[in-house]
Amino acid sequence: MAQEVALEVEAQGHTVEDGSLLPVEVRDEADTDRAAVSVAIPHAAGVGMEARYGLLKRAAARLSLRAKGFSAPRRARKHTRTRKRR
């Protein structure tokens, strides 16, 4: 299924600055306890193109799949103390 999603994205025909097709990779995820693969756009423009066009999300939806985005690392919250007014 992941390969089909990658083919769907490639079929959309988006290009990068030099005119070449936007690269799409199918990756084996080794950091899980289950068999897993992901489809990624390994190009600096990939995040912007996903945000603008929804390339991966739409390709997955065409195959009745749900795209799950990456999670950015959570920033540590700064605790601020507030004083109670009397």
**Fill in**
Scanning region 27-65 residue by residue, those free of Cβ contacts under 8 Å to residues at least 40 places away in the same chain and in contact with a strand residue (DSSP E or B) (Cβ under 7 Å, 6 or more places away or on another chain) turn out to be R27, D28, E29, V37, S38, V39, A40, P42
**Request:** Specify the residue that is most open to solvent (accessible area, probe 1.4 Å); the eligible residues are those in region 20-67 that are more than 13 Å from V9 (Cβ to Cβ), of a type outside the set (A, V, I, L, M) and assigned to a strand (DSSP E or B).
**Result:** D28
**Prompt:** Considering only region 9-22, how many residues are out of contact with any strand residue (DSSP E or B) (no Cβ under 9 Å at 6 or more places or on another chain) and within 15 Å of E50 (Cβ to Cβ)?
**Reply:** 2
**Asked** Which residue pairs have Cβ atoms closer than 8 Å, lie 6 or more positions apart in sequence or on different chains, and pair a first residue in region 4-26 that is in contact (Cβ under 8 Å) with a residue 12 or more places away in the chain and more than 12 Å from H43 (Cα to Cα) with a second residue that is open to solvent by 70 Å² or more (accessible area, probe 1.4 Å) and β-branched (V, I, T)?
**Response** V26/V37
**Asked** Residues of region 23-40 being modelled with pLDDT of 90 or more and hydrophobic (A, V, I, L, M, F, W, C), which ones?
**Response** V24, V26
**Request:** Go through (1) at pLDDT 90 or above; (2) in a loop (DSSP other than H, G, I, E, B) and name the single condition R81 misses.
**Result:** (1)
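The values are calculated or read from the model by the stated rules, or taken from the named source; none is laboratory data. Predicted, not measured: the structure shown is a model, and the values here were computed from it. Glycine also receives a Cβ, built like all others from the backbone with ideal geometry; neighbour counts cover every protein chain displayed. Please note that ligands, DNA and RNA were not included when accessible areas were found on the heavy atoms of the full protein model with its side chains. Shrake-Rupley method; radii C 1.70, N 1.55, O 1.52, S 1.80 Å.
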